[in-house]
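What follows is a short report on a single structure.
Just so you know, all these numbers are worked out from the coordinates, no wet-lab data involved. This structure is a prediction, so every number in the text was calculated from the model and none was measured. Neighbour counts are summed over all protein chains in view; Cβ atoms, including those assigned to glycine, are modelled from backbone coordinates with ideal geometry.
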Amino acid sequence: MYGATEAHVYRRLALANPPNPVIDALRNGEISLSNAAAFSISDDEKLTLEILENVRGQGESDHRIKKMLKPDAVKDSDRRAVFVGLDAYRAAGGRTGSDLFAEEVLIDDPAILDALFGKKLEDAAATLQAEGWKWAEAIGDSYIGWYQIEEMKLSRIYAEGGTLSNDQSEDYDTLSEQAEQDVLNDEGHAQLAALQAILDGSFTEDQKAHAGVLVYIDTHGAVQVEAGLVKGTDKKAAIDAGVLEKSNHVGSTGTKSPISQKLAMDLGRIATGARQDAILGDPDLLLALFAFQLSGKSGYTSAFGLRKDDVPNVPSTAMSGYTLDERLTKPTPSAKYGSDMARVFRAYKAKGPEFIMDEIIRHLASLLTVDTDLAEVIDKAVETNIRDNFTPNAENFFGRVGGPYLIQQWRDLLDLKKDHPTVTTFAKLKKSEKADKMAVLFGDGEAQETQGLTEAQIARIAAWVPEGMA
């Protein structure tokens, strides 16, 4: 139990002073040492005895016992608790308990913690707004990715970066290497942070007057800020003031989209292919859409590209990292010139109703090219998941976007601060090296395990798609 001897556990139990029946159940072999330790978190004797009776001889897990004893308790390692601080929580009347074996404090009043967390986060946002930003919004999430910024229809402007002298550049490289090797002392970290601040630059007063910040608390309980964000209602004024560049990219909310027109076209084809692939599993929906369009009830909304020879679903990267059901990619041989079409049709029809229906489903799926309003309905019905068909790699995506974009995605996916050594080291790589490292992140499970990725990081990577595809 926790690497401790039985005698040690008994001594700790004595400190916790559990009801005698818990000790008796342990001595009689009705609960394990770790079960007995789990009971140490409760000071409610009545509840403790009720739970004890439920778990005697059942081989219940320690986690389950703790949840039954304190279903709403929060550990002191929770990001909210770290941010608020135990002293502030207790001063507000919050109660705490402790797990003598896990060496952790348990917070028994999460409602008080949530109220303090929200108030302190709002205060942090107000402090930032007082620094000159037009607006500051507190976000309760532990992570803000590009997709959230897209959903909020925010445009991004960037701080005006500084330049390091030759001596400073040498110092920066040396300190970064030491930080990566985890041999940098506090003074060195401070020097590295100061140099990084020069590189990161700062926002001008004009920029702040037209933009704002999102403030959130990360998984470690630290304040994080996404700065330089322009709301849609402020976009025209920001462009007129020269702090935001007008974008010609359709649907873009950034100052300049990192996605080229050709890449955007390829990504659109991939999204079309993924939707076509998914709808193959729902022939009834395909037929209903077909009838809907043929009936004229769809108006000017088209579900199928019946007025075109084909609906492109293969990107120019020759299917690298992208796979489709072969029914969407196998060609249909054309009739030879001069063929007896009546004979060809009779032979085709003779293959039977099942073949005919399969052909209808296959070709209808390959012609699917829905407008935006229908796309959402279809995607929900067939559970379209672009990542089932598409895995970003250096060839099909990462090698085709700029370095700053790759740095931002590296940081977002791994949930790292911008001055983290892993980020600064990545930033110094050549563009091709950045693309290769990003591709490795999206490799198979064995590659991710070798890199020591956390479950949260793997989940973000598994769900990620380039902007505009989701």
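For the reader, a short list of remarks on this structure follows.
- Per-residue HN-Hα couplings for the range 76-93 [Karplus 6.51, -1.76, 1.60; θ = phi - 60°; Hz; x = Gly/Pro]: 5, 7, 4, 4, 5, 5, 4, 5, 6, x, 5, 4, 5, 4, 5, 5, 8, x
- The range 41-174 - percent relative contact order, Cα under 8 Å, separation 6 or more: 17
- Neighbour counts of other Cβ atoms within 10 Å put S432, S98 in the fewest-to-most order S432, S98.
- Counting charges near L324 (Lys, Arg +1; Asp, Glu -1) among other residues having Cβ under 13 Å from its Cβ returns a value of +1.
- Members of K262/K430; K46/K66; K119/K208; K153/K231; K120/K418; K153/K236 lying beyond 18 Å, as alpha-carbon distances in this model show: K262/K430; K119/K208; K120/K418
- Neighbour net charge for L154 - beta-carbon separation under 14 angstrom, K R +1, D E -1: -1
- Available extension along the chain between T219 and M152 is 21.9 nm, counting 0.36 nm per residue and deducting the alpha carbon span.
- Taking 0.36 nm per residue of sequence separation and removing the Cα-Cα distance, the E53/E170 pair yields an extension gain of 35.4 nm.
- Karplus 3J(HN,Hα) series, Hz, for the range 21-34 with 6.51 cos²θ - 1.76 cosθ + 1.60 (x for Gly, Pro): x, 5, 5, 4, 5, 5, 4, 7, x, 7, 9, 8, 4, 5
- A Förster distance of 60 Å, applied to the separation of the beta-carbon atoms of Q451 and R343, puts the FRET efficiency at 0.50.
- Going from the residue with the fewest nearby Cβ atoms within 10 Å to the one with the most, M469, M438 rank M469, M438.
- Computed 3J(HN,Hα) for the range 135-142, one whole-Hz value per residue from the Karplus formula 6.51 cos²θ - 1.76 cosθ + 1.60 where θ = phi - 60°, is 8, 8, 10, 7, 10, x, 5, 8, glycine and proline marked x.
- Counting beta carbons within 10 Å around each of Y89, Y143, Y172 and listing the fewest first gives the order Y143, Y172, Y89.
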